[in-house]
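A short write-up of the structure that comes next.
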Amino acid sequence: MTRTKTVLRALLGVGAAGAIAAFGTFSAFSSTTDNPGNTIATGSVAISDNDGGVSKLFTVTAGKPGTDYDSCMRVTYTGSLPAEVKMTVPTTVGALAADLDLDVTAGTQTVDPNRVFGDCNGFVAAPGANVFGDGATDTLATFANFKTWDNGLAHNPGGDWTQGENVVYRFRVNVQDDAPQGVATDTFTVKWEARNK
């Protein structure tokens, strides 16, 4: 046998042994674990009121001093994430607003499908229920200074609002004795906004 053949046989033997050793490595003990079915979904922030998007809190056409004009609205939070809630008046209110005393009170009211929107029948004020006004010094004009989220009127009884929480707000307007006659406010909007922190 020639020396070259001997070297080749030796190399083939080493290669075969290496292949067997490599095969043996893949046959060693092993273990795995997995965690299937992962998913991520975002939460929600959602707030609504019971005006159906079309009813107004107030349409007073012949207001007079000494008379309380009440209107109630239920605000409900349905988001899945806790949120802070603020009230704002993003629109103008007009000059008469300075002659209209305003109180906003939070409370409860039995749900009645036959009740006309705005009706405050059955309204019960909550403890510490005064949200805005004292009937003497606070006016619609002052309330209308809450224009944006940054300076909005926060109302978060018991902390952030959670899913299913609702509050009934009673707005009570009273015309001051020295209010000008035959003058109306501009149409204005009261807005509730919820934000997750």
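The values are calculated or read from the model by the stated rules, or taken from the named source; none is laboratory data. These numbers come from a predicted model, not from an experiment. Heads up, the Cβs are rebuilt from the backbone with ideal geometry, glycines too, and the neighbour counts pull from every protein chain shown.
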Qualifying residue in region 52-73 (condition: within 21 Å of the chain's Cα centre (by Cα), touching a residue at least 40 places away in the same chain (Cβ under 8 Å) and loosely packed, with under 14 Cβ neighbours inside 10 Å): yes
Qualifying residue in region 101-108 (condition: at pLDDT 90 or above, of a type in the set (Asp, Glu) and in contact with a helix residue (DSSP H, G or I) (Cβ under 9 Å, 6 or more places away or on another chain)): yes
Any pair with Cβ under 9 angstrom, 6 or more apart, that starts in region 106-131 at a residue that is assigned by TED's automatic domain parsing to the domain that holds Arg74 and crowded, with 16+ Cβ neighbours inside 10 Å and ends at one that is among the acidic types (Asp, Glu) and not in a loop (DSSP other than H, G, I, E, B): Gly118/Asp70; Cys120/Asp70; Phe123/Asp70; Val131/Asp103
Residue check, Val104 assigned to a loop (DSSP other than H, G, I, E, B), aliphatic (A, V, I, L, M) and either closer than 22 Å to Gly53 by Cα or out of contact with any Gly (no Cβ under 7 Å at 6 or more places or on another chain) (or both): no
Members of region 54-86 found to be of a type in the set (A, V, I, L, M) and over 15 Å from Phe188 (Cα atoms), listed by number: Ala62, Met73, Val75, Leu81, Ala83, Val85
Given (1) surrounded by 13 or more Cβ atoms within 10 Å (Cβ to Cβ); (2) at pLDDT below 90, number of the condition Thr185 does not satisfy: (2)
